[in-house]
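In what follows, a single structure is set out as structure tokens and then discussed.
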Amino acid sequence: MRSSKDPFEITTAYDYNDLGQQTKNTLTSAGGSSQRTMTWDFYPCGARKVIAAGEGGNVASAGTISA
């Protein structure tokens, strides 16, 4: 996992699979009081499969992308 922090103290953490494709992106507010996470899944051919975004414990599917 890699992460970066901007001048406003907002942290972005990135997670990757074994192929180097980004599978997760988590934004954390300054002070850590809130987070937003987006996750991706991929077809074996490498095309993006599912995009999901969650706030807190809620996760909602935002759509799919066809190969």
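The values are calculated or read from the model by the stated rules, or taken from the named source; none is laboratory data. It should be emphasised that the depicted structure is a prediction, and the values quoted were computed from it without experimental measurement. Heads up, the Cβs are rebuilt from the backbone with ideal geometry, glycines too, and the neighbour counts pull from every protein chain shown.
To keep it simple, each residue is scored yes or no on (1) exposed (fewer than 13 other Cβ atoms within 10 Å of the Cβ); (2) modelled with pLDDT under 90.
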site: Thr28; (1), (2): no, no
site: Ser33; (1), (2): yes, no
site: Trp40; (1), (2): no, yes
site: Ala53; (1), (2): no, yes
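Starting from region 1-21, keep only residues that are within 26 Å of Gly46 (Cα to Cα), then list their pairs with residues that are modelled with pLDDT of 90 or more and among the aliphatic types (A, V, I, L, M) whose Cβ atoms are within a distance under 7 Å, requiring at least 6 positions of separation or different chains.
Met1/Ala13; Ser3/Ala13; Thr12/Leu27
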